[in-house]
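The values are calculated or read from the model by the stated rules, or taken from the named source; none is laboratory data. Small disclaimer: the values here were computed from a predicted structure and weren't measured. Note that each Cβ is placed from the backbone with ideal geometry, even for glycine, and that neighbours are counted across all protein chains shown. For accessibility, only protein heavy atoms count, side chains too; no ligands or nucleic acids. Shrake-Rupley method; radii C 1.70, N 1.55, O 1.52, S 1.80 Å.
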Amino acid sequence: QVQLVESGGGLVQPGGSLRLSCAASGFTLDYYAIGWFRQAPGKEREGVSCISSSDDSTYYADSVKGRFTISRDNAKNTVYLQMNSLKPEDTAVYFCAVRSGYGCYDDPSMYDYWGQGTQVTVSS
């Protein structure tokens, strides 16, 4: 079975940091592009970041560029999202997703498998 499990979410104060993890089982991430998405209450799911499987090229939404860093560890079959300088507007449920190809897209419909999501709340 194909499964993605996110972890690392929680409550953090503005300016703080969190590292999200996405562990894959049932398949290897080597040939998949991996994206992070988020969805806040009442809003559509939006792309946050993505890392390709070919040359590890990375992509970021303008709203998180310079604050978030995506990376992968193929040996652990895990992808990470390091989030620094967090803002209240970063509050959302964060999802990892993969697609069977190297290319990155910010459209959720392009991805094949999704995790269950992890809540990130940035508040004083």
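Values computed for the structure shown
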read-out: Surface accessible to a 1.4 Å probe, LYS87 within the full protein complex, Å²; value: 80
read-out: Mean separation of Cα contacts under 8 Å, 6 or more apart, over the residue count of the stretch 77-124: relative contact order %; value: 48
read-out: Electrostatic dipole magnitude of the chain [Cβ: Lys, Arg +1; Asp, Glu -1; Cα centre; debye, to 20]; value: 300
read-out: Relative contact order computed over the stretch 11-124 (Cα-Cα under 8 Å; 6+ residues apart), in percent; value: 37
read-out: For the chain, built as a Gaussian network whose Cα springs stay under 10 Å, the top-fluctuating residue of SER100, SER109, SER21; value: SER109
read-out: Accessible area in square angstrom per residue, the stretch 11-124, 1.4 angstrom probe; value: 51
read-out: Accessible carbon and sulfur surface of the stretch 12-116 relative to its total accessible area, %, 1.4 Å; value: 46
read-out: Residue among GLY117, SER52, SER85 farthest towards the positive dipole end of the stretch 49-124, charges placed on Cβ; value: SER85
read-out: Those lysines that a straight Cα-Cα span of less than 27 Å connects to LYS87, excepting residues fewer than 8 apart in one chain; value: LYS43, LYS65
read-out: Relative intensity, log₁₀ I(q)/I(0), of the chain from a Debye sum that treats every alpha carbon as a point, q = 0.10, 0.15 Å⁻¹; value: -0.26, -0.60
read-out: Rounded FRET efficiency, nearest 0.05, which uses the C-beta distance separating LEU11 from SER57 and R0 of 35 Å; value: 0.60
read-out: Estimated vicinal HN-Hα couplings, Hz - the stretch 61-69 in sequence order (Karplus 6.51, -1.76, 1.60; Gly, Pro = x); value: 5, 4, 5, 10, 4, x, 10, 10, 9
read-out: Whole-number D in µm²/s for the stretch 38-98 (Stokes-Einstein; Kirkwood sum over Cα pairs; 10 °C, 1.306 mPa s); value: 127
read-out: Heavy atoms of ARG19: accessible area, 1.4 Å probe, square angstrom to 10; value: 130
